[in-house]
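Reviewing the structure listed below.
The values are calculated or read from the model by the stated rules, or taken from the named source; none is laboratory data. None of these values were measured; they are calculated from a predicted model. Cβ sites come from the backbone with ideal geometry, for glycine too, and all protein chains shown count toward neighbours.
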Amino acid sequence: MAASGASAQTLADLQQVPAFVLQKYEKKAEAGDQGAQFRLGLLYERGLVDGTPNDMAAADWYGRAAETGFPPAQFKRARFYAEGRGGPRDMTKAAALYAAAAEQGLPEAQYNYAILLQDGIGVDKNLPEAIRWFEQAAFRGETAAMRALALLYMAGPLGTPHDMIEAWAWLSQAVDAGEADLKAELDAVQAVLSDADLAEAQKLLKAYGELRLAR
């Protein structure tokens, strides 16, 4: 049965959330419901409360939900800190919240935290830890993390082994996941691999596929 126009509406379709829905979320949020707090953050961020985005209110509600340990809210509040939205930019707080969400398995937080570790922003630079978090995100299907791992192994920066077998395995996963722009890099890496190395890379690719985690 087809849904009615009203019931089929999504947040993306709305210009302004109905008052009774807002009141319902506010009542739940004030009582400590983390899901309602997070949804209020989304509504304020998207300008669905009064027609104008309100980053300060969004940051407040994301922050409240983040304090309860809700990973999506931790991620959102971290992004607001990183972008200076709803308050001053604070990369130390952003890193701490990305780390908290990463520990709970949120792949986009794992990827963002890895970037900060790689570049030493908000945290001490730590390439081995960055690789560990890139891997966690990649195993959960985060294609940006697959790309990052491949490029790290291709470049072999200080503290990272230059490993074209690893690079081929991660590039292959990224291309298979839809990152078509990496096909040229994949072909270039494959061109420098010996037959034995390629066979090893294919075994590694299969092993990584078996390690993929549910998102």
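For every residue, the table says whether it meets (1) in contact with a strand residue (DSSP E or B) (Cβ under 6 Å, 6 or more places away or on another chain); (2) part of a helix (DSSP H, G or I); (3) hydroxyl-bearing (Ser, Thr, Tyr).
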residue	(1), (2), (3)
Pro128	no, yes, no
Ile131	no, yes, no
Ala138	no, yes, no
Gly141	no, no, no
Leu149	no, yes, no
Tyr153	no, yes, yes
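Say we look at segment 105-114 and pick out the residues that are over 8 Å from the mean Cα position of the chain (by Cα) and buried (at least 20 other Cβ atoms within 10 Å of the Cβ); which of these is farthest from Gly69 (Cα to Cα)?
Applying the filter and picking the extreme gives Ala114.
crowded, with 20+ Cβ neighbours inside 10 Å, outside any helix (DSSP H, G or I) and not aliphatic (A, V, I, L, M): which single residue out of Gly86, Gly69 fits that description?
The match here is Gly86.
Against the definition (surrounded by 16 or more Cβ atoms within 10 Å (Cβ to Cβ) and at pLDDT below 95), how does Leu171 come out, yes or no?
No.
What number of residues within segment 152-182 satisfy the criterion of being under 18 Å from the mean Cα position of the chain (by Cα) and of a type in the set (A, V, I, L, M)?
2
Just to be sure before I move on: is Ala137 modelled with pLDDT of 95 or more, within 30 Å of Glu210 (Cα to Cα) and surrounded by fewer than 24 Cβ atoms within 10 Å (Cβ to Cβ) in the structure I sent?
The answer is no for Ala137.
Can you tell me which residue among Lys76, Lys93 is buried (at least 21 other Cβ atoms within 10 Å of the Cβ) and farther than 23 Å from Ala19 by Cβ?
Lys76
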